[in-house]
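The structure under discussion appears below in the form of structure tokens.
The values are calculated or read from the model by the stated rules, or taken from the named source; none is laboratory data. This structure is a prediction, so every number in the text was calculated from the model and none was measured. Please note: Cβ atoms are built from the backbone with ideal geometry, for glycine as well, and neighbour counts cover all protein chains shown.
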Amino acid sequence: MAAVRQWDGFSTIEGDVRAMVDDPRWPGLPAQAKAQAVAARMLVTADGGRWLFGTHARWYRQDPVDGRWHLSAPPLDQALRSSAHVVRHTSPLAADLVPLGPDFSYEEGSTQGFIGPDVPADIVEKVRVLVLSRRARHEDFPLTTEPLSRLFAGDVASTVAAVWGTLMWTAYAPAFDGNEVLLSMFGEFLGRALPGDEFVRWVSRVSLLDLAGLYAERIRAGEPKAGLRLAAVMANTADAVFADDRFRPRAAALLAMLQPALRRRDLDHAAAHQGDEAVRQAWLDRCPPLLTRAVVGDTSPGEYFRHSMYDLVQALGYIAKRRHDPRVTAAALLAADLAALSPKSAARVYPWLDPEMRHVVHTVLADPRHTLRDQWPDDGELPPSLHPPDIGSAAALLGTAYATGLAWCDLAGVESPASGFATAAATARRLTHHLIFANESGLNQ
């Protein structure tokens, strides 16, 4: 006799909404009809949580106090998922909750860091060729725009900085193995050592404004051909790393934004004379709807933080089998990072968390004896209950933890730590255990 499959409200509704949005008639429906269709599929769980599967093909949870919807990874507890039942949401839904269609086709890419799974050798070689072929006279391509000018030696041309900046902008989480060849090839150009140690390099993210500044500076200087060459360097670098899914989503977005300017050489000239921000906005305006998720870090630091926390919860999915709630644990680990670096920054973070996670962060920070502090890294080590089961899950936890740390630092205006965030650093240490075991056992990644 076949086993009876247990009802899972979240899986059912997600499948239902995906089918609606995939229907070719969806784009042509009136906005109100779309909103009503999504609202009719709201879930309520046994704990009183109200959930919607909406834009970006992700879940949202409602704040019961002010009614706002927060991007929030769904629960993995099967009892809670099976308790979910559908109720019609009667209040009007905000337009940004309703799927347009292209947002459901967005390729998520990988959330792994660059420790453990190395950048493939063929990609590294393509980048090496770009760096060597793009060496240019500093006089023709001066590097004057910060923060890139602070990273490189004074005689380095902006063509090299353009390759570096593209790598760091397109990377999901720029935490790299200290021996990663993709980084070491830049050693002769750097004016100072990268933060970290021989095992991990905690690299800061480069913003789209930084890339736009390299390009716009040459146009304002009356050297439009040099500006075009810099744009081509960025596009070629994005194309070189496209095959690695830790780079692909942002690489696709950068290519889409730059290619029109490469085809029409004066496209951004008027914007360049208005300033770097005008160029950045012109690029963002050219980003297709399918790829807007890829640039959310440059359009809304708060939303980017929410997406990073969502990814962190998903990366912690392996602990659900150990009877831990990944959502609660993600909030506890966020509290650990805040406590170690900037506890006062919690006030800037709270408005971007759903009510449950906000409560967890607040109570764990406020109570030194809170039981969830048992999940904090201790003496640089993850507690055994959080040990990832394999290299892939460890690399995903590392990547999402580092991306989340960078996101809340950007949101709160805090400089990221040179030694890494508490959670990411402890995960990197655990990841080395997996790598050592794999090497000793003769296992391949």
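Against the list (1) assigned to a loop (DSSP other than H, G, I, E, B); (2) free of Cβ contacts under 8 Å to residues at least 24 places away in the same chain, the condition Ala46 fails is (2).
Assessment of the range 167-185 against the conditions (modelled with pLDDT under 95 and touching a His at 6+ places or on another chain (Cβ under 8 Å)) yields no matching residue.
When restricted to residues that are farther than 18 Å from Pro351 by Cα and over 26 Å from the mean Cα position of the chain (by Cα), the range 39-64 contains 10. Got at least one residue in the range 6-20 being more than 17 Å from His89 (Cα to Cα), touching a Phe, Trp or Tyr at 6+ places or on another chain (Cβ under 9 Å) and surrounded by 16 or more Cβ atoms within 10 Å (Cβ to Cβ)? Yes: the range 6-20 contains one or more residues that are more than 17 Å from His89 (Cα to Cα), touching a Phe, Trp or Tyr at 6+ places or on another chain (Cβ under 9 Å) and surrounded by 16 or more Cβ atoms within 10 Å (Cβ to Cβ). Criterion applied to Ala73, Ala35, Ala79, Ala19 was being farther than 24 Å from Thr292 by Cα and either of a type outside the set (Lys, Arg) or part of a helix (DSSP H, G or I) (or both), and the one residue passing it is Ala79.
Within the range 394-421, being crowded, with 20+ Cβ neighbours inside 10 Å and over 22 Å from Pro301 (Cβ atoms) holds for Ala394, Ala395, Ala396, Leu397.
The helices (runs of 4 or more DSSP H) falling completely within the range 273-318 that include 1 or more residues that are of a type in the set (Ser, Thr, Tyr) map to 296-299, 301-315.
Matching residues to (1) surrounded by fewer than 19 Cβ atoms within 10 Å (Cβ to Cβ); (2) at pLDDT 90 or above; (3) under 15 Å from Phe10 (Cα atoms):
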| site | (1), (2), (3) |
| --- | --- |
| Gly28 | yes, yes, no |
| Ala33 | yes, yes, no |
| Gln36 | yes, yes, no |
| Asp47 | yes, no, yes |
| Ala73 | no, yes, yes |
| Asp77 | yes, no, yes |
| Ser82 | yes, yes, yes |
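Go through the range 338-374 and give me each residue that's of a type in the set (S, T, N, Q) and either part of a helix (DSSP H, G or I) or closer than 19 Å to Val313 by Cα (or both). Scanning the range 338-374 gives Ser345, Thr363, Thr371.
Kindly check whether there is at least one residue in the range 350-372 that is among the polar types (S, T, N, Q) and modelled with pLDDT under 95. No, the conditions are met nowhere in the range 350-372.
The selection criterion, being out of contact with any strand residue (DSSP E or B) (no Cβ under 6 Å at 6 or more places or on another chain) and within 30 Å of Arg218 (Cα to Cα), holds for Val129. Among the residues making up the range 90-108, a single one is surrounded by 12 or more Cβ atoms within 10 Å (Cβ to Cβ) and either without any contact (Cβ under 8 Å) to a residue 40 or more places away in the chain or over 20 Å from Val21 (Cβ atoms) (or both): Ala94.
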